Each structure stands twice: as C-alpha cells, then as structure tokens.
1. Looking at region 19-62, which of the residues that are part of a loop (DSSP other than H, G, I, E, B) and polar (S, T, N, Q) is least open to solvent (accessible area, probe 1.4 Å)?
2. Give me the strands (runs of 3 or more DSSP E) completely within region 147-220, filtered to those with at least 1 residues that are over 16 Å from residue 76 (Cβ atoms) and within 16 Å of the ligand (Cβ to nearest atom), ordered by residue number.
3. Considering only region 148-160, I want to know if a residue exists there that is among the hydroxyl-bearing types (Ser, Thr, Tyr), open to solvent by 60 Å² or more (accessible area, probe 1.4 Å) and without any contact (Cβ under 8 Å) to a residue 40 or more places away in the chain.
4. Within the set of pairs 6+ apart or on separate chains, which have a first residue in region 25-40 that is over 13 Å from residue 71 (Cβ atoms) and among the charged types (D, E, K, R), a second that is assigned to a loop (DSSP other than H, G, I, E, B) and at pLDDT 90 or above, and C-beta atoms under 8 Å apart?
5. Tell me the residue from 40, 50 that is at pLDDT 95 or above and out of contact with any helix residue (DSSP H, G or I) (no Cβ under 8 Å at 6 or more places or on another chain), please.
6. Got at least one residue in region 179-187 being under 23 Å from residue 29 (Cβ atoms), in contact (Cβ under 8 Å) with a residue 40 or more places away in the chain and open to solvent by less than 30 Å² (accessible area, probe 1.4 Å)?
Amino acid sequence: MAYQHRFEDGTACDLPAGKVVCVGRNYVAHIRELDNPIPTEPILFIKPATSLLSFSDPIVIPAYGTNCHHETELAVLVGQTLSGADTGTAEKAIAGYGIALDLTLRDIQQGLKDKGLPWEKAKAFDGACPISPFVRPDQLANPQDTMLKLVVNGTVRQEESTKLMMIGILELIAYMSGYFTLMPGDVVLTGTPAGVSELLSGDQLEIELDGQFKYRVSVA
Ligand code: ZN
C-alpha cells in the first residue's frame with residue numbers, strides 16, 4: 001500500500017512522504033560490533049521516499065538481498081523547512097517522533113564498501129525503511145533519553161536508550177541541514193544502537209518506543 005505518514009493518535013498527517021536522511025555510526029557499541037572506526041564527523045546518507053513502509057505492512061527482503069540486518073532507530077518527522085538551521089530552529093521544526101528500522105543488506109553493503117562504491121543498493125531499496133506512526137513531541141518525556149527496543153521471535157535483539165547517541169538529535173538535524181535542505185515531511189533517522197542482526201522470512205517483530213508505543217511487524 002502507498003505509504004503515508006500517520007500520527008499515533010489516529011489524526012491525519014498531511015505532510016508528504018519525503019526523503020529519509022540518516023546517520024551512520026552514532027552509537028559507540030554499534031561501531032565496535034561492526035569493527036568500524038569511530039568517525040570524526042557524522043556519516044550521512046539518504047534513503048528515498050520509496051523506502052518508507054508502514055509497520056502495518058510486512059517487510060519484504062529483496063530477492064538479491066542476503067543478510068538483511070535490522071537497525072532500530074529513533075525517527076524524527078520534520079514539519080518545517082530547515083536549511084543551515086541551528087539547534088533551536090531544528091527543535092521547533094520537529095513534528096513528531098517515531099521508531100524505524102534502517103534495513104541494511106549487510107553483505108551487499110560490505111561488497112560495495114570494499115570497492116569504495118555507494119551503498120544505495122544495500123540501504124535504499126523499496127521498503128528499506130519500515131516506520132511507525134509518529135507521536136507528538138510532547139508525548140515523549142525526553143526524546144534524548146528514551147528506550148528503543150526490538151524483539152524478534154520472542155528474543156530481545158536491541159534495547160538501548162537514545163541517551164547513548166554520540167551526536168544528539170538536535171545537533172544532528174542542524175548538522176544535516178547544513179548539507180541537505182530538510183523539507184516538511186522528510187524523516188531523520190538518528191543511528192542504531194548495538195545488537196544489529198539478520199532478519200529472515202517469517203520473523204515476527206515486536207518494536208517498542210519509550211516503553212509505551214508498541215508495534216508488531218512481520219517479515220514476508
Ligand atoms: Zn542505520
């Protein structure tokens with residue numbers, strides 16, 4: 001089904017589904033688990049609007065994909081145009097928070113990285129960004145210290161607070177807006193904590209934001 005942003009409270013969201021601007025390597029424990037160096041500045045990449053997929057639709061791993069990893073991330077819905085913004089302006093532009101999976105075909109990504117090539121085939125495919133409905137900013141007591149949790153087939157895979165981000169949410173959005181204009185309806189992903197692992201056909205996922213917003217997603 002065509003993706004459309006939604007709010008958790010059921011009210012309509014008239015913001016268009018835009019691009020998804022992401023940061024790589026924003027939690028130290030995740031950097032270590034993949035044996036990557038700690039970056040000196042944020043690593044940015046973009047998933048297109050066609051990567052967005054509602055949690056109410058099943059995840060489909062592309063036929064060419066092997067080793068499809070979940071990366072559970074705090075998502076931010078941008079409500080106003082941001083270009084060269086400071087953190088104060090970034091904060092006022094936030095229309096909501098959600099939780100998303102930055103799906104990554106790890107083997108394909110590694111092959112491309114080894115050749116010094118861009119990652120899009122590994123991270124930007126259709127449905128590569130399953131995402132929850134958004135909660136209003138005032139529904140999270142502290143977005144910078146909220147729990148992200150992913151359970152797969154009854155086993156906890158990822159469970160971490162957003163307080164462990166190396167670059168905080170507002171600083172990250174401001175930084176991104178210095179490179180790419182963020183438009184109303186764009187989404188920012190803030191990086192994954194440790195625990196990334198493979199998803200397989202038939203997996204049943206339970207995803208929780210802040211211990212209070214809970215979703216079930218299946219892999220086709
Ligand atoms: Zn990610």
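The values are calculated or read from the model by the stated rules, or taken from the named source; none is laboratory data. A quick note: this is a predicted structure, and the numbers were derived from the prediction, not measured. All Cβ positions, glycine included, derive from the backbone under ideal geometry; neighbour counts span all protein chains shown. The area values use the complete protein model at the heavy-atom level, side chains included, leaving out ligands, DNA and RNA. Shrake-Rupley method; radii C 1.70, N 1.55, O 1.52, S 1.80 Å.
1. Taking the candidates together, the pick is 26.
2. Those strands (runs of 3 or more DSSP E) span 147-152, 155-161, 197-199, 204-209.
3. yes
4. 32/194
5. 50
6. no
Residues checked against (1) of a type in the set (Val, Ile, Thr); (2) farther than 24 Å from residue 215 by Cβ; (3) free of Cβ contacts under 8 Å to residues at least 40 places away in the same chain:
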{"site": "47", "(1), (2), (3)": "no, no, no"}
{"site": "57", "(1), (2), (3)": "no, no, no"}
{"site": "60", "(1), (2), (3)": "yes, no, no"}
{"site": "72", "(1), (2), (3)": "yes, no, no"}
{"site": "79", "(1), (2), (3)": "no, no, no"}
{"site": "108", "(1), (2), (3)": "yes, yes, no"}
{"site": "133", "(1), (2), (3)": "no, no, no"}
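Yes or no, residue by residue, for (1) under 30 Å from residue 63 (Cβ atoms); (2) more than 16 Å from the ligand (Cβ to nearest atom); (3) exposed (fewer than 15 other Cβ atoms within 10 Å of the Cβ):
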{"site": "109", "(1), (2), (3)": "yes, no, no"}
{"site": "122", "(1), (2), (3)": "yes, no, no"}
{"site": "134", "(1), (2), (3)": "no, yes, no"}
{"site": "141", "(1), (2), (3)": "no, yes, yes"}
{"site": "145", "(1), (2), (3)": "no, yes, yes"}
